[in-house]
Amino acid sequence: MFNVKALLEKHGHEVIPFSVKHNLNTPSEYDKYFVSPIGDGRVTYFSDSDRTNLPQIVKFFSRMFYSLEVRKNFIRLVKDTSPDIVYVLHYQNKLSPSFISAAKRLKLPVVQRISDFGHICANQLFYNYKLGTVCEKCLKGSKINAIRYKCVYNSVIYSTIKSAALGFHKLLGITKKIDAFVIPSDFTLSKMHLYGIPNNKLVRIPTFYKSIKSSCSELPIRYEPYALYVGRIEEEKGIMTMVKAFEGTGMSLKIIGFSSRDFEDEIRMYLEGKEHNIEFFGKQPFSTVKKYLSSCAFTITPSECYDNFPNSVLESFAFQKAVVCSDLGSLKEMVRHEETGLLFEPKNHFKLRECCQMLFNNMDKCKKMGQEGRIWVRNTISEDKHYQKLLSLFRGLVEDNN
């Protein structure tokens, strides 16, 4: 959000944020319009909330279905600021779609950037935790599948509520009220089309990496003998597969990230008593992450779910680092096998181990792949190209709306 905001403002556009109040928010002159937090201003995810607090639970569920507070504050903001277009980056579970209906009544075009599969899947990931695999049962089938497999917090109750919210949004025609969807990858775009979104509403605009020149030039690029993982430490991210690939090999792996479901504890328990050279650094600010990106040999993205054009891959390429990733979803669009990185079969820790050993043993090739990755980021998904495509879409919708 901050990257897009800065990009538009650099070109002279006024960007007005609308969000939820939170203790960690960046100050904004528009925060008087922000909606009240769920809890005391420290809660971000429902999993962090006090589930015994009835008012918190009621507010959270209203944000899942339809929030009158969000609708009221949004209308007040629009009337006070007179925007030309609404660009939605995220709303599910935080704002509800009530502001989308309000925007249409106020005759404002609405564009949503798709970051996950939240319109289709109850847990937004197309991942079945019960089966431990990618799952598309709700793409064309009934949302009853989400309840059957307890896809939300491994709970029948929460899965039922989330499925009901998706059904309610479908009755409201939310996707029909959205004029266009900005989608980073062809893979995700194809799933949205299969779900029933018309092709003329789907626009592929890949995520850009903000200013390679300014963010990467301050640190020297080195290739020390360790691999790096940056991201969430969760089952669907393939962390166990990655850990097994490094276990007992002598290869060095550094892991930066956090777990919201205590999965890191499970990984640490698995490693107890085993030989390994794996280090966990927890959640770190990007200023720290950059130091590891600038000095690692390569990075790993072992996802076993459908990632949607992850920033971690773009960041790796920006720092001239090859990426070893699973041959799944949009990752195949981002990493060209043996050109900018290596692809391996998801869940196959033997193949992942072979890929890592090959790069460690061929550092000249490893460096070359990373350099090609940076060229791809600079030439294909630059800030300027992102801006031109986004502006063209916005202008067309505003003109059609007048």
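Shape class of segment 287-402 from the alpha-carbon gyration tensor: prolate, with a/c at 1.5 or above and a/b greater than b/c.
Our helix-only sum for the chain, with -39,500 (n - 2.57) per DSSP H run of n ≥ 4 divided by its residues, gives a mean residue ellipticity at 222 nm of -13000 deg cm²/dmol. Put +1 on the Cβ of every Lys and Arg and -1 on every Asp and Glu Cβ in segment 1-123; which of Ser62, Thr52, Tyr30 then has its Cα farthest towards the positive end of the dipole? Toward the positive end, the furthest listed residue is Ser62.
Partners of Lys332 within straight-line reach, counting lysines whose Cα lies under 18 Å from its Cα and excluding those fewer than 8 residues away in the same chain: Lys191, Lys237, Lys321, Lys347, Lys351.
Based on C-alpha pairs under 8 angstrom that are at least 6 apart in sequence, the chain has a relative contact order of 13 percent. The packing ranking, built from the mean of other Cβ atoms within 10 Å per residue, places the peptides 186-197, 311-322 in the order 311-322, 186-197, highest first.
At a Cα cut-off below 18 Å, give the aspartates and glutamates reachable from Lys365, other chains included and same-chain residues fewer than 8 away excluded. Candidates past the 8-residue exclusion: Glu224, Glu338, Glu339, Glu354. When each of the peptides 262-273, 155-166, 80-91 is scored by how many other beta carbons lie within 10 Å of its residues on average, the order from highest to lowest is 155-166, 80-91, 262-273. Full extension of the chain between Asp364 and His193 gives 57.4 nm of extra length, using 0.36 nm per residue less the Cα-Cα distance. Among the trypsin sites (Lys or Arg not before Pro) found in segment 50-107, those both in a DSSP coil and sparsely packed, with 16 or fewer other Cβ atoms within 10 Å of their Cβ, are Arg51, Lys107. Peptide packing for 7-19, 324-336 was compared via the average number of neighbouring C-beta atoms within 10 Å per residue; ordered from the highest value, the list is 324-336, 7-19. Taking label positions 7 Å along the Cα-Cβ direction at both Lys140 and Glu333, the computed distance is 2.1 nm, reported to one decimal.
Ignoring lysines fewer than eight residues from Lys104 along the same chain, the ones with Cα atoms less than 17 angstrom from its Cα are Lys72, Lys79, Lys170, Lys176, Lys177, Lys201. The alpha carbon gyration tensor of segment 212-379 gives principal lengths a ≥ b ≥ c with a/c below 1.5, which makes the shape rounded. Charges were assigned to the Cβ only: +1 to each Lys and Arg, -1 to each Asp and Glu. The resulting dipole of segment 172-213 about its Cα centre is roughly 120 debye.
With all pairs of different C-alpha atoms in the average, the Kirkwood value for the hydrodynamic radius of the chain is 22.6 Å. The magnitude of the dipole of the chain, with charges of +1 and -1 set on the Cβ of Lys/Arg and Asp/Glu and taken from the Cα centre, is near 1160 debye.
Laboratory data are not the source of any read-out in this text; all were calculated from the coordinates shown. In this text the structure is predicted, and so the values were computed from the model without any measurement. Every residue, glycine as well, gets a Cβ built from its backbone with ideal geometry; the counts of neighbours run over all protein chains shown.
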